[in-house]
Structure formats: structure tokens, C-alpha cells
Amino acid sequence: MKKYSELVITDLKAAAKTLSNDDLVAIPTETVYGLAANAFSENAIDKIYQTKNRPQTNPLIVHLHNFEQLPKVAKTIPKEVELLAAHFWPGPLTVVLEKSDAISTKVTAGKNTVAVRVPNHELTLALLRSLAFPLVAPSANKSNHISPTCPQHVFNSLKEDSPLILDGGICSKGIESTIIGFENHKPTIYRLGSISKEAIEAVLGTSVQLANHEVSSIAPGMQKKHYAPRTPFISCTNLQEELKKYPNKKIGVLFFTENPLAKQMLHYRILSSSGCVEEAMANLYKMMHELDELELDVILSELAPEKGVGASINDRLTRASS
Ligand code: TXA
Ligand code: MG
């Protein structure tokens, strides 16, 4: 097994060469680290599914370096997408569009739609510009683990299957991109993420609905339990009451903000001392990873205020809750 220090690189040329040889490279983005492969190579795409133990039914996001490349991978581009791209790209918004013939159904898990975004990270944008192909990149963790927000998280999750990791530091946003689609011309959010529903509505000048994943199979990755730490995890509205249920247990608490209860706790993290939802979002996975490593009996978490990206934080906390 290769050591962490042997896998972490900063050399873009080495990353580009590896990708051109159909091998994988973990790449930094502003949201989470991605496990990247040549989007035009079925052989390379197979390696993503193997490395992550990802079900073949869960499609991948294509990463481009600018909006002008979009017609290479998508057939028709609605006006709303032009608007959203002008506003949010490069950035954490993924759009779902009808796929072009260049995109294999291996990318889309058999669907005729493709998910696409332009990530906002200088290193990865430079890498994408140097390549003759776009990159597909799911989060660089084993399926059902918490997404990685730094190179060490990638290594800790993928272990002996870890590819080269391009070190771009800590992800500034800290949770995945928001995914939006336009089925029947109705803008629909398939996954809440780093961009809030309110911010998208402000740009489109219309209300946007949230997909109901219990009945919808549009974003297959969203139905199953996701983003779970190994430690039993419970998100709750009344922390004080919930704490009483675990006498003599090794408890960890993830507080949204400063809380007098923290004084009683041995193991805890505070997502944002000032109660800022953006800061809380950036810290979320890092602190979930940290608490998960403490070998606790249970982790309890408070919910964030359900406003802006607070709703995205709550989506992840609820999904992680067992
Ligand atoms: O921020 C992100 O989006 C990160 C970074 C690396 O870019 N990527 C990421 O990928 O979160 P992943 O594979 O962990 O999540 C991709 C999600 C899945 O829930 C999948 O179902 C959905 O995107 N998806 C992909 N293609 C789709 C499609 N054609 N229609 C609907 N949902 C799609
Ligand atoms: Mg993922």
C-alpha cells in the first residue's frame, strides 16, 4: 500500500498524464474532492465505479472549464441554464440536461440526461484547460462515506485504492454542489447543496420546487441513506431531551453555534461560533469526520436554521441520521 505522502501531488502535468492514461486522480473543487476520470473513456469510468464501490445505477457529474464547452456534452441548452451559468459558473451549481451523443450511458447510468458543472477551483480549472477531454468526478470517497474536504479525507476513505491526489488545500464551500433539472420546463432542485434555493430563485425570478426523492428516480444517488459517519448519528430538534436518552454513553455533539450545554460535554464541535450558515457549511464534513474518528457510542447534532444554505446543512444532517 502506498503511503499518503507518495500519493499527494501538486504537479498538474503529472495529473494530466495520469488522466490521459485512463487512470484516476482525486481533484480539488470548491465543494468537495472529486474522483476524476476522462469523461470520454468507458475504461476510465469503470475504474471510478470499482474504486468507490458505487452502484452502476448512480450517474456521474461531468466537469468542464467553461460554459462554452457545454454543447459538447449537452444537446439543448434552455434559457434558464444560460442565466444560471452566467451567474453561478464557475461555481457549485450542477445542471441536468439532455445528453449529447459524445456522452456515454456509462456516465449517465443509462439515462438520456447528463449532469454538468464548472467547478470553481483554480488548480482544477487549469487542469481541465490542459486536457482534451472533460472529467467525470463523483465525490472522492467510498460509496456512503462522508465526502472529503481535504486530501487526507480522500486517503482515509479510499485507503489502498487511493489514486494520486492533487492537493488544492481545504474545500472552501464544504458540501456538494446544488443540482437542478428542467423536466417539463419546471426548474426542480434534485439535491440541495452549496447554493441555496433562494439564491437560484432570485436569479430565475421564479419559484423553484424541490424533488421528492421518495417518489422520484431522477437523481438515484439521493434516495438511499448517504453521508453517514460510521458512528451512530442522530440529528435532533431538542438536544437537551435527546442527551438524557444516553446515560453512561460516550457522546459527541455537533452544535450549530455556541451553546451552554457544551460545558457539560467532553467531545463536541461548534459549526459556527457566530451562527453563520456559510461557515457552518464549510465546517460540516470536517467536523463530522473528526467526531467520527473519536470512537464514540453516538453523535448527536443540532439542526441549523432552515434558511439559505441552512436547509442544505439540515438535508445532510438528516440523511446522516440513522
Ligand atoms: O460538488 C459536487 O457535485 C461534487 C464535486 C466533486 O463536483 N460531486 C459530487 O458527485 O457530489 P457525486 O457523484 O457524489 O454526486 C452526484 C449526484 C448523485 O446524487 C447523482 O444521482 C446525481 O448527481 N446525478 C448525476 N447525473 C444525474 C442525472 N443525469 N440526473 C439526475 N441526477 C444526476
Ligand atoms: Mg457523493
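The values are calculated or read from the model by the stated rules, or taken from the named source; none is laboratory data. For clarity, every value in this text was computed on a predicted model and none was experimentally measured. Quick reminder, even Gly has a Cβ in these numbers, built from the backbone with ideal geometry, and neighbours come from all protein chains shown. For accessibility, only protein heavy atoms count, side chains too; no ligands or nucleic acids. Shrake-Rupley method; radii C 1.70, N 1.55, O 1.52, S 1.80 Å.
Would you kindly identify the helices (runs of 4 or more DSSP H) lying entirely within segment 110-221 that contain at least 3 residues that are over 26 Å from ALA14 (Cβ atoms)? Once the helices (runs of 4 or more DSSP H) in segment 110-221 are filtered for at least 3 residues that are over 26 Å from ALA14 (Cβ atoms), what remains is 197-204.
Contact annotation: residue pairs with Cβ atoms under 9 Å, 6 or more positions apart or on different chains, pairing a residue in segment 154-176 that is under 15 Å from LYS142 (Cβ atoms) with a partner that is open to solvent by 50 Å² or more (accessible area, probe 1.4 Å) and of a type in the set (D, E, K, R), are ASN156/GLU293; GLU160/LYS2; SER162/LYS2; PRO163/ASP23; PRO163/LYS47. Applying the criterion of being within 13 Å of ligand 2 (Cβ to nearest atom) and hydroxyl-bearing (Ser, Thr, Tyr) to the residues of segment 131-180, the residue that is surrounded by the fewest Cβ atoms within 10 Å (Cβ to Cβ) is SER143.
Quick check on my filter: what residues within segment 77-87 are open to solvent by less than 30 Å² (accessible area, probe 1.4 Å) and in contact (Cβ under 8 Å) with a residue 40 or more places away in the chain?
Taking segment 77-87 first, the residues open to solvent by less than 30 Å² (accessible area, probe 1.4 Å) are 81, 84-85.
Correct list: VAL81, LEU84.
The set of residues in segment 29-43 that are among the acidic types (Asp, Glu) and open to solvent by 10 Å² or more (accessible area, probe 1.4 Å) contains only GLU42. TYR49 meets all of the listed conditions (1) surrounded by fewer than 16 Cβ atoms within 10 Å (Cβ to Cβ); (2) without any contact (Cβ under 8 Å) to a residue 60 or more places away in the chain but one, namely (1). Number of residues in segment 5-43 that are in a strand (DSSP E or B) and touching a strand residue (DSSP E or B) at 6+ places or on another chain (Cβ under 6 Å): the value is 9. Selection of first residues in segment 57-76 that are in the same structural domain as SER130 (by TED's automatic domain parsing) and aromatic (Phe, Trp, Tyr) and of second residues that are at pLDDT 95 or above and open to solvent by less than 80 Å² (accessible area, probe 1.4 Å), restricted to Cβ pairs under 6 Å at least 6 apart or on distinct chains, gives the following pairs, ordered by first then second residue: PHE67/ALA85; PHE67/TRP89. Scanning segment 236-279 for residues that are at pLDDT 95 or above and assigned to a strand (DSSP E or B) turns up ILE251, GLY252, VAL253, LEU254, PHE255, HIS267, TYR268, ARG269, ILE270. Residues of segment 89-112 include none that is open to solvent by 30 Å² or more (accessible area, probe 1.4 Å), at pLDDT 95 or above, under 19 Å from GLY193 (Cβ atoms) and within 10 Å of ligand 1 (Cβ to nearest atom). Is it the case, given these coordinates, that ALA304 is outside any helix (DSSP H, G or I), buried (at least 24 other Cβ atoms within 10 Å of the Cβ) and in contact with a helix residue (DSSP H, G or I) (Cβ under 7 Å, 6 or more places away or on another chain)? So ALA304 fits the description; yes.
Within segment 114-130, which residues are open to solvent by 50 Å² or more (accessible area, probe 1.4 Å) and more than 13 Å from TYR33 (Cα to Cα)? Within segment 114-130, GLU122, ARG129, SER130 meet the criteria. Given the criteria without any contact (Cβ under 8 Å) to a residue 60 or more places away in the chain and either within 27 Å of the chain's Cα centre (by Cα) or open to solvent by 60 Å² or more (accessible area, probe 1.4 Å) (or both), does GLU278 qualify? Yes; evaluated as a whole, the condition is true for this residue. Of everything in segment 183-202 that is open to solvent by less than 30 Å² (accessible area, probe 1.4 Å) and more than 16 Å from ligand 2 (Cβ to nearest atom), the residue that is nearest to ALA85 (Cα to Cα) is ILE200. Tell me, yes or no, whether segment 52-69 has at least one residue that is more than 17 Å from LEU24 (Cα to Cα), open to solvent by less than 20 Å² (accessible area, probe 1.4 Å) and either assigned to a helix (DSSP H, G or I) or not polar (S, T, N, Q) (or both). No, segment 52-69 has no match at all.
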